[in-house]
Amino acid sequence: MIDGLAAEIQKRERIDFVGANRRARDRIATGWAKPETRIALVPGKEVLSKISEWSQRKWDVGFGTATVAANMTRSEIVSEVKTVIEAIESSQAFRYRET
């Protein structure tokens, strides 16, 4: 998890890996301090994969991202994702905004 975040920081901020790794460790330590912010640190794909594996073992039913996405309601999708989807649907450009 730390290496993946560090690589993302390194690419986005164009800093060396040591600095990126330090920032990643700080971000994870800060986020891990509160149980309610821990879920934001774990890659969603990894979480979904583990839940699907558990569901497969327990009920013999697995699922993937396409199944989850197809069953989401508009209110369950964050505004940034809505903006990207709407831009793609209408063939318009969109700009990435870092928070």
Find the percent of Cα-Cα distances in the chain that exceed 18 Å, and round it to a whole number.
66
Pick out, from Gly44, Asn71, Val81, the residue whose Cα sits farthest towards the positive end of the charge dipole of the chain, with +1 on the Cβ of Lys and Arg and -1 on the Cβ of Asp and Glu.
Gly44
Show me the trypsin sites (Lys or Arg not before Pro) within the stretch 1-80 that DSSP assigns to loop and that have at most 16 other Cβ atoms within 10 Å of their Cβ.
Arg14
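Rounded to the nearest 20 Debye, what is the dipole magnitude of the stretch 1-57 about its Cα centre when Lys and Arg each give +1 and Asp and Glu each give -1 at the C-beta?
Values: 12 positive and 8 negative charges, 13 e Å.
Dipole about the Cα centre, nearest 20: 60 debye.
Readers should treat all values here as calculations from the given coordinates under stated rules, not as data from a laboratory. Treat the numbers as computed from the prediction; the structure is a model and nothing was measured. In this analysis, Cβ positions are derived from the backbone assuming ideal geometry, glycine residues included, and neighbour counts consider all displayed protein chains.
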